[in-house]
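K.L.:
Mind having a look at this structure? Questions to follow.
Quick note: the coordinates plus some simple rules give every number you see, no bench work behind them. Since we're looking at a predicted model, the values are computed, not measured. Cβ placement follows ideal geometry from the backbone for every residue including glycine, while neighbour counts extend to all protein chains displayed.
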Amino acid sequence: MAVALPEGSLEERLERYLEGFRSRHGLEEARVEGNTVVLGVDPGSVPAVLSTARQSLGILHLSFITVVDRQGSFELTYELLDMRGARVRVKTVLQGEESVIDTVTGIYPTANWHEREAYDMFGVAFRGHPDLRRVYMWQDHFDHHPLLKSFEISTKRTFEGLR
Amino acid sequence: MALEYLEQEPWRFLISSATVIFLVLNIAAVLTLAERKVSAYIQLRYGPNRVGPRGLLQPAADVVKLFIKENVSPGRADRWVFLAAPIAMFLPAAAVWLVIPFGPGMVVADLNIGLVYFFAITSIGALGVIMAGYGSRSNFSLLGALRGAGQMISYEVPLILSLLGVAMLTGSLSMVDIVEYQAGGFWNWIIWPQLPMFLAFFVSGLAEVKRIPFDLPEGESEIVGGFMIEYSGMTWALIQASEFASMAVMSAVASTLFLGGWQPPLPFLDLGVFNWLWLGIKTTLLIFVFQWIRWTLPRLRMDQLMDLGWKILVPVTILWLFVTAGAMLVI
Amino acid sequence: MLREERRAAEEAITLIRPATSRLVDPDIRDEFGLETLDMNMGPQHPAMHGLLRLILELDGETIVRCDPVMGYLHRCQEKIAENRTYPAVIPLTDRLDYFANMHNEHGYCLAVEDLLGVEIPPRAEYIRVLMCELMRIASHLPSIGFLLLELGAFTPILYAFRERERIQNFFEAVTGARMMFHYIRIGGVKADLPPDIPEKIWEYVEGLEKRIKPDFIDLIEGNEIFIERTRGISRLTQEEAIELGLTGPPLRCTGVAFDVRRDYPYSVYPELDFEVVTDTAGDVEASYRVRIKEVYESIKIIRQCLEKMPEGEVMGDVGRRVRPPEGEGFGRVEGPRGEFAVHVVSDGSDTPYRVHYRDPSFVNMQLLQEKMPGHYLPDIMPIMGLVDPVSGGWDK
Amino acid sequence: MQKFDEPNIITTSTDKLFNWARKNSLWPLQFGLACCAIEMMSTGMAHNDLERFGAGFFAGSPRQADVMIVSGTVSTKMAERMTRLYEQMPEPKWVIAMGACAISGGPFLDGYSVLMGADRVIPVDVYVPGCPPRPEALIFGIMTLQKKIEREQQVGYEKPRPALVDEEGNIREYLPEREYRQISEGKAHRPKGIKRLPRTYVFQRKGLPPGSMTDVGWIPPEARERLKARRGAGASGSGEREEGKEGA
């Protein structure tokens, strides 16, 4: 019944997470920033890294998935929390025209709607997602993915021209 | 004399029943205002106070507005059933008043089977609910109708059982006889020997008139009005009027059968012709209790409602029937 | 973009979902030709906490399948934020979860301050916490009221709004607005508290603490019907709650003590003494208890804030023209509904390159899809009360 | 029956009665859209007590409502529903646009899914500015509407039609046709070459993958055949996609 949250002091845990990710996946871009373990992985290994995080290291909470449109590539950030002060940030870059990545709903069921949102807003398709529909926009009457940088809305307000 | 002529049948019956119908319609209108005012005072508000003195003309404005409002009937609705349903709901609420004695000799029709008439007429109300829900052709109203049918038919059973004790004590089914039986003062009222029955009657009466906590057929927050979701204008007003009228009827029947009807609580308070005031006071008090409950309690769920009806009210009433019978044998 | 090809890829994705009808025995259904009833609830529905549409499949009154449809209040918050300067996004965050405006502002400002690396004056931090905790009370009490309103009891919501109205008066005195404050700014707060307000807030919470017992606890918990309607409804285990990514009262009512204020401390929460309220039952009643106890905790925090509040400036050294360096900033606060997180990506210009909000309502609402089946139709209302979503939050 | 061409004693006196009744019993539709809905609720609560004016009954069903308070941002997806709700309300009916969003789109004016004011799809009688308006402002709006209702006449007086503004800014009459799709797109720049369905069809699919239950634009194959026949060639691209999905 009771869920076991990670034990130990914050530094110990960060050390353990970093070591865990490094030993299993041989990640080069892995470092600790404050209370955050930042990992740079390639898109293919995202599910593997996340399942390591959940199953082996006991990081139970997926906070959010952010997609950033870098005009030509998509940058995905998976923010994981161990609920006791440490954060794990998994970053990946989706290159190329075909923006498809494996889903993580099998590992973190809460990713379901996060991925639907990412699909709706950016058109990033998640392979193996159980229910990939648009969350916000009309399924058929709106054929755009509005948060793409190529989709412009009318007014951009900056400080230019102001005092 | 003309007045003597009016005391002959059928004129007496026609005039008195017309009076009663007029009374029912007015009671419904006044009760809407009462409901709003009572709720306002429970909720630390003022309630309507801009229309007429202290908001007294509010029901008039509501009625006139509803009367001149467009009456929409949905395109898919079963038109005749849809339009007949409010009438089928309103008539029973009005017809029960015919057997209620308002004072000594003041009764439209002194039926010797008054109680049976009451049971028979109130169960027609369920028919109106089903007609409304089915005729609207909407999922919400269909659910409301099914709930209403289940609820009103199940609660008929404790309602009838709880009144059998009264019939046993008085040995009569006539309302007039029952009121006569309770003459002499408040200690003679049937509520004392039949207190569990009175409570059972009150609870099943609440369910029968579809008030919170038993307003599942309406269920404002889940099925948005239930069977009356598609009604607008005057048809909706008629449904509302029938609800308020049946609430008043339930209170009047409860005060007639258990609280001595028009009998004054103490013998020296006898007002003669004006004894109907006593009935009015008792009925008003019970209506206030109805409204008090309405604005305090949440709503039950369907299965809990059925549990309450079949597992608590029916056994309790049957048990008390046996107790009453035993007591009557012994004494 | 290769739209057609992407669509082909989408179609290749198989739809894997558990069998819809768990309750009706398929044999019985086929033999008697029984059908389930499809029902559409909302978006205009009294109990939907805004604009939510539920597509329900009913077997009698039992819910077989529930499919929430959102987007009826999609206001393009993230897109518009990309076209506004950093300070000009704050009034938009106000309108995200409109029962927790202060928390939204706070989360966004934390993210931008993370980018800028500015110091916040201690007085401003205390004022922020004070305002956030007042906001939490002004959100929790109405949410309890809405739960009762949807169960059919009309009166508690009026009592709750009476308290909210009084708290709104404080907000008006401090910030100048009743709901949309634009008060927490990047680097501090807009203005100092008016001189007599701390005293009045102190008096108010004294009175509130006395009023909660008779006006809410006795009225609600002493009610047999309330207990019947909420006990055991949508009973969550800790695993389920964590798998669904719940935060806030829906998570804490299962017994998992996760509170951003304690576990990922921000502002001056480490200096304050408060408890993370948990309950073990994991049902609607437990979530109600968690909420009402959190009101007491908030009162405790407000008192400490008023006692410890130092004198001094309320605005850090941030100019009007905020132009953070390239990078990323994160802000995470504990809103009344759970973890509210903001992710700001900057490209070194006036406007954010990307703003992402993680709203607790959005994530917590996944519970509806999973927990509704098996309950009766009227149980939708308590379950909505458990999640207590706000449509501005889930739709952005 | 005599039809009156100009006001006389009968029509003016019934006017007085009817207008008095209508203005004193304005039941709003329980229709909370966004942030303003909270202030609308505050207006109904004990502190401001809208019921004093006889307007306290918030009808859950549009059939029993007289006035629709559009309290918040109207998204294009909601505009369809709002129009339908408006059409479901029985005559006479009024609309109050509450808050900046309902008046013009407010702070979300630039959004790609935000309707630039409720008056683009339904006729609005009273505008209450504010973001959100205070409860006092809403009460003032309702009192303004009451004054407006007082002036109504059955004959001899052209009832001022509420304005309905189209995309070019021209004021035109309210047409019950659902035009929200053409005029609700805002200023969003859209790429070329994307076909749109000319109308919205809402059909419910049974027994198919649950995902497809919510497709707003899905058309059953037989219905699509009929439409195709009526419209000649030209089924949209998205239709074919739906067929593929259905097969899977």
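K.L.:
Using the alpha-carbon atoms, what tilt in degrees (0 to 90, nearest 10) does helix C:122-151 show relative to the longest principal axis of chain C?
P.N.:
30
K.L.:
Related question: Would you mind pulling out the separation of the Cα centroids of the range D:41-82 and the range C:324-376, in Å?
P.N.:
30
K.L.:
Per-residue Cβ counts within 10 Å, from other chains only, averaged over B:53-65: what number is that?
P.N.:
Neighbouring Cβ atoms belonging to other protein chains average 4 per residue here.
K.L.:
Between B:VAL157 and C:LYS308, how many nm apart are label points set 7 Å from Cα along the C-beta direction?
P.N.:
Distance between label points: 6.3 nm.
K.L.:
Between C:LYS213 and C:ARG235, 0.36 nm times their residue separation minus their Cα-Cα distance comes to what? Working shown, then result.
P.N.:
Details: separation 22, 0.36 × 22 = 7.92 nm, distance 2.60 nm.
This chain segment gains 5.3 nm when fully extended.
K.L.:
How many nm separate the modelled label positions at C:GLU271 and A:GLU19, each set 7 Å beyond the Cα in the direction of the Cβ?
P.N.:
Placing both labels 7 Å along Cα→Cβ, they lie 3.7 nm apart.
K.L.:
Taking GluC sites (Glu not before Pro) that fall in a DSSP loop and have at most 14 other Cβ atoms within 10 Å as cut points, what is the longest piece of chain C between them?
P.N.:
Working: sites that count: C:GLU35, C:GLU119, C:GLU275, C:GLU311, C:GLU313, C:GLU326.
Looking at chain C, C:120-274 is the longest stretch - no exposed GluC sites (Glu not before Pro) with at most 14 other Cβ atoms within 10 Å.
K.L.:
Let me ask something else about it. Please give the helix B:11-42 orientation as an angle from the longest Cα principal axis of chain B, in degrees from 0 to 90, rounded to the nearest 10.
P.N.:
Its long axis makes an angle of about 70 degrees.
K.L.:
Can you tell which of C:ALA257, C:ALA47, C:ALA153 shows the greatest fluctuation in a Gaussian network model of chain C with Cα springs below 10 Å?
P.N.:
Answer for the Gaussian network model of chain C: C:ALA153.
K.L.:
With only Lys, Arg, Asp and Glu charged, each at its Cβ (+1 for the first two, -1 for the last two), find how big the charge dipole of the range C:77-393 is about the Cα centre; round to the nearest 20 debye.
P.N.:
Details: 36 positive and 52 negative charges, 120 e Å.
Roughly 580 debye, rounded to the nearest 20.
K.L.:
Something else about it: Which net charge results when you count Lys and Arg as +1 and Asp and Glu as -1 among the other residues whose beta-carbon is under 15 Å from that of B:SER136? Mind dumping the intermediate values first?
P.N.:
Working: positive: B:ARG76, B:ARG79, B:ARG137, B:ARG147, D:ARG63; negative: B:ASP78, B:GLU218, B:GLU230.
Net charge around B:SER136: +2.
K.L.:
Between the range C:139-213 and the range B:165-194, what is the separation of their alpha carbon centroids in Å?
P.N.:
Taking the Cα centre of each part, the range C:139-213 and the range B:165-194 sit 56 Å apart.
K.L.:
Can you tell me how chain C classifies by the Cα gyration tensor, rounded, prolate or oblate, using a/c under 1.5 as the rounded cut?
P.N.:
Details: a/c = 2.28, a/b = 1.32, b/c = 1.72.
Cα axes put chain C in the oblate bin.
K.L.:
Can I ask one more? Enter the angle in degrees (range 0 to 90, nearest 10) between the Cα long axis of helix A:111-122 and the first principal axis of the Cα atoms of chain A, meaning the one along which they spread out most.
P.N.:
Between helix and principal axis, roughly 30 degrees.
K.L.:
Calculate the spin-label point distance for D:THR11 paired with B:LEU277, positioning each point 7 Å from the Cα along the beta-carbon direction, and give it in nanometres.
P.N.:
About 5.0 nm, to one decimal.
K.L.:
On to the next question. Averaged over B:36-45, how many beta carbons belonging to a partner chain fall within 10 Å of each residue's beta carbon? Each step should come with its number before you reach the end.
P.N.:
On the way: counts 4, 1, 0, 5, 6, 0, 3, 12, 8, 11.
Going residue by residue through B:36-45 and averaging, the value is 5.
K.L.:
About the Cα centre of chain B, what is the dipole size in debye to 20, counting +1 per Lys and Arg Cβ and -1 per Asp and Glu Cβ, all else neutral? Kindly include the intermediate steps, with their values, before the conclusion.
P.N.:
Working: 19 positive and 21 negative charges, 206 e Å.
So the magnitude is around 980 debye.
K.L.:
In peptide C:234-246, how many Cβ atoms from other protein chains are near each Cβ within 10 Å, on average?
P.N.:
Numbers: counts 0, 0, 0, 3, 6, 4, 1, 1, 9, 9, 5, 12, 2.
Average per residue, whole number: 4.
K.L.:
Percent relative contact order of chain C, based on C-alpha pairs within less than 8 angstrom and at least six residues apart?
P.N.:
On the way: 737 pairs, mean separation 101.3, N = 396.
Dividing the mean separation by the residue count of chain C yields 26 percent.
K.L.:
Now a separate question. Arrange the following residues from fewest to most other Cβ atoms within 10 Å of their Cβ: D:MET78, D:MET40. Don't skip to the end; give the middle numbers.
P.N.:
Details: D:MET78 30, D:MET40 27.
So the ranking, lowest neighbour count to highest, is D:MET40, D:MET78.
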